[in-house]
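A.B. asks: Sending over a structure as structure tokens; questions will come in a sec.
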Amino acid sequence: MGDLMKNAAIAAILAVSVAGCSPEAAETAQPATNLLELEVQGMAFTGPDTIKSGWTTIRVVNNSGMTHHALVYRLPDGITAHMVDEQVVVPIQQSLTAAIEGDMEKAAAIASTMPAWVGDLTWLGGPGMMSDGITGEATMYLEPGNYLVECYVKTNGVQHNYNPVPGELGMVFPLTVLEEEGGMAEPEANVTLTLTNRGYEISDGAFKPGDNSVRVRFAEQQLYNNFVGHDAHVFRIEQDTDVGAATRWPDFFPVDGQQTPAPARFVGGIHDMPQGAIGYFKLALEPGDYGITAEIPDAEEKGFFKRITIAAD
């Protein structure tokens, strides 16, 4: 009788173990996430400053009252956030101020002082232009290292990444990507946007009403003004939207480029990444018309404006 009870107990344990590994249980298991959520507070990003490596989602909650973005880039060895601030951000702001005052010769002279290591910064995506009330979300594969998350939109001629107090950072957020893998799988997407030197192409799927996961293939990439490359920023087109102005607005280099308020409501996107890279971004789209544009000079003339229509279900 004792052996019968023992066998019954073993059978019960095995049954529970098998049930725990059943297809039904596997289906309910939650996939791994590797999420860094930041908020915009004043002229600063706030949130955790470390994240595991691998596929990484960076989400930015923007309830700041103005338009922002969140470029993510990796720093070369030995370069710090404060070096970027002192040797890049401050001179660019000084150059911008001189240009606003009409002294283009002085502006060019200051801009020419950029350190050689600027060419070693690696742009790796990040949430694109997002108006007040928008939560931007982009997913990229990030190797271990030191990074910055940065916004350089301008308000009253001052970049958001600039802080006039020496040693204090503006919207320049230091981020450490750890050696430990986050274990998140590459996202799925309902639409693929391919970027080449000729512009945008919807190469698979379609945009839809509601939530969209957009795969972005950086099939070709090149630098403009030695600084920016192909990317994608989405804005809503209303009846009174100046589409041309909205298409040009993300170009940083004109004095009025990226100057708030933006001429349209930007709802997300992704910053530039190296040629051959793949990134993802999320969009919540209501029925209506939208435009996709890039942070490059003469975007429309270069093929980097695409109008999409979201039909009601």
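A.B. asks: Considering only the stretch 248-313, give the strands (runs of 3 or more DSSP E) lying wholly within it that have at least 1 residues that are surrounded by fewer than 16 Cβ atoms within 10 Å (Cβ to Cβ).
C.D. replies: Once the strands (runs of 3 or more DSSP E) in the stretch 248-313 are filtered for at least 1 residues that are surrounded by fewer than 16 Cβ atoms within 10 Å (Cβ to Cβ), what remains is 278-285, 288-293, 305-310.
A.B. asks: Follow-up. Give me a count of the residues in the stretch 101-113 that are within 28 Å of the chain's Cα centre (by Cα) and surrounded by 15 or more Cβ atoms within 10 Å (Cβ to Cβ).
C.D. replies: Of the residues in the stretch 101-113, 1 are within 28 Å of the chain's Cα centre (by Cα) and surrounded by 15 or more Cβ atoms within 10 Å (Cβ to Cβ).
A.B. asks: If you don't mind, another one. If GLU220 satisfies all but one of (1) surrounded by fewer than 18 Cβ atoms within 10 Å (Cβ to Cβ); (2) outside any loop (DSSP other than H, G, I, E, B), what's the number of the condition it fails?
C.D. replies: Checking GLU220 against (1) surrounded by fewer than 18 Cβ atoms within 10 Å (Cβ to Cβ); (2) outside any loop (DSSP other than H, G, I, E, B), the one that fails is (2).
A.B. asks: Hey, does the stretch 138-151 have a residue that's closer than 25 Å to ILE100 by Cα, in the same structural domain as VAL214 (by TED's automatic domain parsing) and not polar (S, T, N, Q)?
C.D. replies: yes
A.B. asks: Still on this structure, please answer the following. Among the residues of the stretch 191-212, is any of a type in the set (Phe, Trp, Tyr), closer than 28 Å to SER112 by Cα and in a loop (DSSP other than H, G, I, E, B)?
C.D. replies: no
Listed here are the residues, each with its yes/no results for (1) touching a residue at least 40 places away in the same chain (Cβ under 8 Å); (2) more than 25 Å from GLN41 (Cα to Cα).
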{"residue": "GLU86", "(1), (2)": "no, no"}
{"residue": "THR113", "(1), (2)": "no, yes"}
{"residue": "TRP117", "(1), (2)": "yes, yes"}
{"residue": "TRP123", "(1), (2)": "yes, no"}
{"residue": "MET129", "(1), (2)": "yes, no"}
{"residue": "VAL149", "(1), (2)": "yes, no"}
{"residue": "GLY157", "(1), (2)": "yes, no"}
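The values are calculated or read from the model by the stated rules, or taken from the named source; none is laboratory data. Quantities reported herein were computed from a predicted structural model and do not represent experimental measurements. No Cβ is skipped: glycine too gets one built from the backbone with ideal geometry, and neighbour counts run over all protein chains shown.
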